[in-house]
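The values are calculated or read from the model by the stated rules, or taken from the named source; none is laboratory data. Just so it is clear, the structure is predicted and the values come from calculations on it, not from any experiment. Positions of Cβ are backbone-derived with ideal geometry, glycine not excepted, and every protein chain shown enters the neighbour counts. With ligands, DNA and RNA removed, areas are computed over all heavy atoms of the protein, side chains included. Shrake-Rupley method; radii C 1.70, N 1.55, O 1.52, S 1.80 Å.
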Amino acid sequence: MMRDPEQTIGNLVDHQNASFVGSMDEDGYPEIKAMLPPRKREGIRVFYFTTNTSSMRVRHYRAHPQACIYFMDRRFFRGVMLKGAMEVLEDAWAKELIWQDGDTMYYPLGVTDPDYCVLRFTAERGRFYQNFGSEDFVVPGA
């Protein structure tokens, strides 16, 4: 059993160079995609990602906000899945919140690029795997 889920999972998330996001397609099938790590997180409840407004994933989340995110520590073969909802944010404050130097490589028009948006994931519950066992947990603040 995890003594401190926020610390254990937060450390796992912060040391990964990839994250996996899940969505439901138009036919109700799950889909998963590897993405860069979140740009910002608030504990283990709220995570912010960048993506293209024109992406398939954005269409999925607008139709079905139910989502999951997954992080895996390959070295120690442990991971965490968080379930919750994904919002598509196009407000200036959200875009500026996670904008970084170099993002013009992906969004040539800068922080106001209409093809740049923010995905905000809010977790409700999770499942942590390590040492050949799993445990479910409620995310603090949910």
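The phi-based Karplus calculation (6.51 cos²θ - 1.76 cosθ + 1.60; θ = phi - 60°) puts the 3J(HN,Hα) values of segment 19-33 at 9, 10, 10, x, 9, 10, 7, 4, 9, x, 8, x, 9, 10, 9 Hz, whole numbers, x for Gly and Pro.
Take Ser134: with every protein chain present and a 1.4 Å probe, its accessible area is about 60 Å². Where only DSSP H runs of four or more residues are counted, the chain gives -5000 deg cm²/dmol as its mean residue ellipticity at 222 nm, each run worth -39500 (n - 2.57). The 3J(HN,Hα) values that the Karplus relation (6.51, -1.76, 1.60; θ = phi - 60°) gives for segment 93-110 are, in residue order, 4, 5, 5, 5, 4, 10, 5, 10, 4, x, 5, 5, 5, 9, 10, x, 8, x Hz. Gly and Pro appear as x.
Prolate is the label for segment 2-51. Its Cα gyration tensor axes, ordered a ≥ b ≥ c, give a/c of at least 1.5 and a/b above b/c. A probe of 1.4 angstrom, applied to the heavy atoms of all protein chains, finds His15 with accessible area near 140 square angstrom.
For the chain, the longest principal axis of the C-alpha atoms and the axis of helix 5-14 are separated by about 50°.
Averaged over its residues, the chain has an accessible area of 58 Å² per residue, based on protein heavy atoms and a 1.4 Å probe. Loop-located GluC sites (Glu not before Pro) in segment 68-142 (DSSP state other than H, G, I, E, B) with a sparse environment of at most 12 neighbouring Cβ atoms within 10 Å: Glu90.
Backbone amide hydrogens, once placed in the peptide plane, bring Glu87 within less than 5 Å of Arg120, Phe121, Thr122, excluding anything fewer than 5 places away on its chain. Converting phi to 3J(HN,Hα) with the Karplus coefficients 6.51, -1.76 and 1.60 and the offset θ = phi - 60°, segment 125-142 yields 8, x, 9, 10, 10, 6, 6, 6, x, 10, 9, 8, 8, 8, 6, x, x, 7 Hz in sequence order, with x at every glycine or proline. Solvent-accessible area of the chain (1.4 angstrom probe, protein heavy atoms only): carbon and sulfur portion equals 52 percent.
The listed residues Trp93, Trp99 rank as Trp93, Trp99 when sorted by accessible area, largest first, using a 1.4 Å probe. Taking trypsin sites (Lys or Arg not before Pro) as exposed when their DSSP state is a loop state and no more than 16 other Cβ atoms lie within 10 Å, the longest site-free interval of the chain runs over 76-142. Net length available on complete extension from Arg59 to Asp113 is 17.7 nm, with 0.36 nm assigned per residue and the Cα-Cα distance removed. Take every Cα pair under 8 Å whose residues are at least 6 apart in sequence, average their separation, divide by the length of the chain, and the relative contact order is 25 percent. Please sort by residue number the GluC sites (Glu not before Pro) in segment 1-55 whose DSSP state is loop and whose Cβ has at most 16 other Cβ atoms within 10 Å. Answer by residue number: Glu26. For Asp25, nonlocal amide neighbours, meaning residues 5 or more places apart or on other chains whose placed amide H falls under 5 Å from its own, are Glu31. The solvent-accessible area of Leu12, taken with every protein chain present and a 1.4 Å probe, is close to 0 Å².
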